[in-house]
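Where a number appears in this text, it was derived from the coordinates with a stated rule and is not lab data. This structure is a prediction, so every number in the text was calculated from the model and none was measured. Note that we place each Cβ from the backbone using ideal geometry, even for glycine, and neighbour counts take in every protein chain shown.
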Amino acid sequence: LLSVLKYSVLSPEGKSSKEIIIVSEQGEDFQLAYNKILDKIVTSSTGITISPIDAIIKKIEEAGYSVAEVTGRGRTLKLSGKGDAVIKNRKRINTNDAFRMFNDNQVDCLLINQSGSTGASAHAIPTKKVSSENVKQRVMIILQAELNINTEVQKRGRVNRTGQIMKPI
């Protein structure tokens, strides 16, 4: 709601600046309408989370599995069982470290978006820490395809590469 109160001002010299309408400085009708809309926003519930990634991670971890994330996100929502959440800074791990942890069976799940779509490999191969008998089959679940087909193909290529000892599902 605050974003609709923001506007740009262009000076005669061509310099742009951002301004915001101060609700308390507006007339009574404006303030009533603003507060009515704000109340609807605060009390509405769609049943859809604002952060599906955090909801997915929570479900995976509740099922007893560990997750490494390569998404480029700097913040996370810590979801409670009551439907509320707290915004926290997320400790990012290096992309290569996350893929290594997954390949070495140190984490069960590697959650990526386009930030993890190129460079690193997550296909089923033995590593220094994982013998070929302990390599797990890769399963890729795509929740939202990338709009750019090249990025999508790159992302799918993380688990399906030459040299793998078993094909992914």
The percentage of Cα-Cα pairs in the stretch 112-165 separated by more than 14 Å is 54 percent
Return the Rg/Rh ratio of the stretch 70-169 with Cα-based radii and a Kirkwood Rh. 1.02
From phi via Karplus (6.51, -1.76, 1.60), per-residue ³J(HN,Hα) for the stretch 36-52 in Hz, x at Gly/Pro: 5, 5, 4, 4, 5, 5, 5, 9, 7, 9, 9, x, 9, 6, 6, 9, x
Over all Cα pairs of the stretch 18-83, the Kirkwood radius sets Rh, and Rg/Rh then becomes 1.19
Kirkwood radius from Cα pairs of the stretch 47-86 plugged into Stokes-Einstein at 37 °C, 0.692 mPa s, gives D in µm²/s equal to 300 µm²/s
Could you tell me which label, among [x] 15.5; [y] 9.9; [z] 12.1, carries the value of mean projected area of the Cα convex hull in nm² calculated for this structure? [x]
Which percent, to the nearest 5, of DSSP beta bridges fully inside the chain are antiparallel? 70 percent
Local electrostatic count, LYS6, Cβ distance below 11 Å [Lys/Arg +1, Asp/Glu -1]: 0
List, in order, the whole-Hz ³J(HN,Hα) value for each residue of the stretch 148-161 obtained from phi through the Karplus relation with A = 6.51, B = -1.76, C = 1.60 and θ = phi - 60°; use x for Gly and Pro. 8, 4, 5, 5, 5, 5, 4, 4, 5, x, 5, 9, 10, 9
Local net charge near SER45, Cβ-Cβ under 13 Å (Lys/Arg +1, Asp/Glu -1): +1
